[in-house]
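Values in this text are rule-based calculations from the coordinates and carry no lab data. What you see is a predicted model; the values in this text were computed from it and never measured. Here Cβ is always computed from backbone atoms with ideal geometry, including for glycine, and neighbour counts include all displayed protein chains.
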Amino acid sequence: MTTERAHKANEIISYTRQLLTSGGYRSFSFADISEKVNIRKASIYHHFTSKAELVSTVVAQYREEAQAGMQMLNRKINDPVAELQAYADYWSTCIRDGSSPFCICAMLAAELPTLPPEVAAEVSGHFTDLSRWLTALLSRGENKNVFKLRGTPSAEANLLMATVHGAMLAARAFDDVEIFQQIVQPSINNIILTA
């Protein structure tokens, strides 16, 4: 559930999200944020008592947005093939236009062993949410005879999730937005039953 926040707190959250996307947890400090959002470093503590609280808040908000997006796909599209394609297309668009070129939870997962517990819990929670949604989606598609899975829906969901996040990493590593689709689309095509 999203809570009402002061305008400056929302600015802090927004900029922190950008920093997390580009470099992860250890890539910035409150000093970096204070310069960008024009607030004294000490004043950030008025909104967030620690970096861990701030990042945990950002990831919790990210999870809420992701859950809302998954629910919206189910409600508005209600077609497993189209939903899966919309999920991949969402990330393709985000990478292409630079609006969200990398999943912050994927970025933070690399740092999971050293993250504060409250941040680690939110990151792990995001992957659990996504895995459950993909599992349910693949299971629905299998039941409707539009997907042919090689393994269990859960195993296929985790494979697909790893493929999407790995494709993000490859697109970043090669500085080539097209690589994302070149990796993800064949994985999707491999499970779709053709008429």
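Relative contact order of the range 7-191, taken over Cα pairs closer than 8 Å and 6 or more residues apart, is 22 percent. Cβ-Cβ distance of residue 14 and residue 154, R₀ of 30 Å, FRET efficiency by 1/(1 + (r/R0)^6): the value works out to about 0.30. The aspartates and glutamates within cross-link reach of residue 41, meaning a Cα-to-Cα straight distance under 14 Å and a gap of 8 or more places when in the same chain, are 11, 32.
Dipole check for the range 24-64: with +1 at the C-beta of Lys and Arg, -1 at the C-beta of Asp and Glu, and the Cα centre as origin, the magnitude is about 100 Debye.
Shape analysis of the chain based on the Cα gyration tensor places the equivalent ellipsoid semi-axes at 34, 17, 15 Å, largest first. For the range 57-111, the dipole from Cβ point charges (+1 on Lys and Arg, -1 on Asp and Glu) about the Cα centre works out to 80 debye, to the nearest 20. For the chain, the mean residue ellipticity at 222 nm estimated from helices alone is -24500 deg cm²/dmol, where every DSSP H run of n ≥ 4 contributes -39500 (n - 2.57) and the total is divided by all residues, rounded to the nearest 500. Amide H contacts of residue 192: 148, each under 5 Å away and 5 or more positions distant or on a separate chain (H built 1.01 Å from N in the peptide plane; Pro and chain starts excluded). Dipole size of the range 1-44 about its Cα centre, with +1 on Lys/Arg Cβ and -1 on Asp/Glu Cβ: approximately 80 debye, rounded to the nearest 20.
Hey, with R₀ at 22 Å, roughly what FRET efficiency would residue 22 and residue 49 work out to, going by the Cβ-Cβ distance, to 0.05? With a Förster radius of 22 Å, E is 0.35. Residues of the range 124-154 falling in the label zone of residue 82, defined by backbone nitrogen less than 13 Å from a point 7 Å along Cα to beta-carbon, are absent. Treating r as the C-beta distance of residue 36 and residue 178 and R0 as 35 Å, the FRET efficiency rounds to 0.70.
Putting +1 on Lys and Arg Cβ atoms and -1 on Asp and Glu Cβ atoms, find which of 133, 33, 70 reaches farthest to the positive end of the dipole of the range 1-147. So the residue we want is 33.
Panel order for 179, 95, by other beta carbons found within 10 Å of each beta carbon, from fewest to most: 179, 95. Think of the chain as having a plus end and a minus end, set by charges on the Cβ of Lys, Arg, Asp and Glu; of 192, 165, 80, 80 sits farthest toward the positive end of this dipole.
In whole angstrom, note down how far apart the Cα centers of the range 1-48 and the range 62-86 are. Using only Cα atoms, the two centres lie 28 Å from each other.
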